[in-house]
Amino acid sequence: MKTKEEELDARIRGMQAGGCIPNFEEDDFHAGNLYGFENGFKAGYEFAQQWINVNDELPEENVYVLVMQDDSDYTDIAYLEDDEWYYSNNDLQLSFNPTHWRNI
C-alpha cells in the first residue's frame, strides 16, 4: 500500500502526464514553481480529507457530502435539507444521525 506522500506524488505525476498541469522539470520551469505547486496540492488534498464535526459546522444545504458516525466505520453520501439528512440515491431520510461530514 502506498503512503500518503507516494499517492500524492503519483496523482501529481499522472496529472502532468495527462497534460492537466505543466511538467515543471520538462518545461524548464524554475524548481520553486514545482515546490510551490506540490505544497499547494498536498495542502488541499489533506484539507479535503478532514472530517468536520456536525456540532462545529454543517455543510451547505442540498450539497452531497460524505457522512459518518463516531462509533462506526460506516459512511454514506448524503445531503442536508431543512436540518434533516437524506440519502443521496433515494431521497429518504438517513437511518442514522451523522456525527461528522466532509466534502466529496
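FYI, it's all coordinate maths here, none of it is from the lab. Just so we're clear, the structure is a prediction, and the values are computed from it rather than from any experiment. All Cβ positions, even for glycine, are placed from backbone atoms using ideal geometry, and neighbour counts span all protein chains on display.
Points worth noting:
- Stretching the chain fully between residue 42 and residue 7 yields a gain of 11.6 nm (0.36 nm per residue, less the alpha carbon separation).
- A crude spin-label estimate for the pair residue 86 and residue 53, with each label 7 Å from Cα along the Cβ direction, gives 2.9 nm.
- Loop-resident GluC sites (Glu not before Pro) (DSSP state other than H, G, I, E or B) in the stretch 48-90 with no more than 15 further Cβ atoms inside 10 Å of their Cβ: 57, 60, 61.
- Relative contact order of the stretch 52-103: 42 percent, from C-alpha pairs under 8 Å at least 6 residues apart in sequence.
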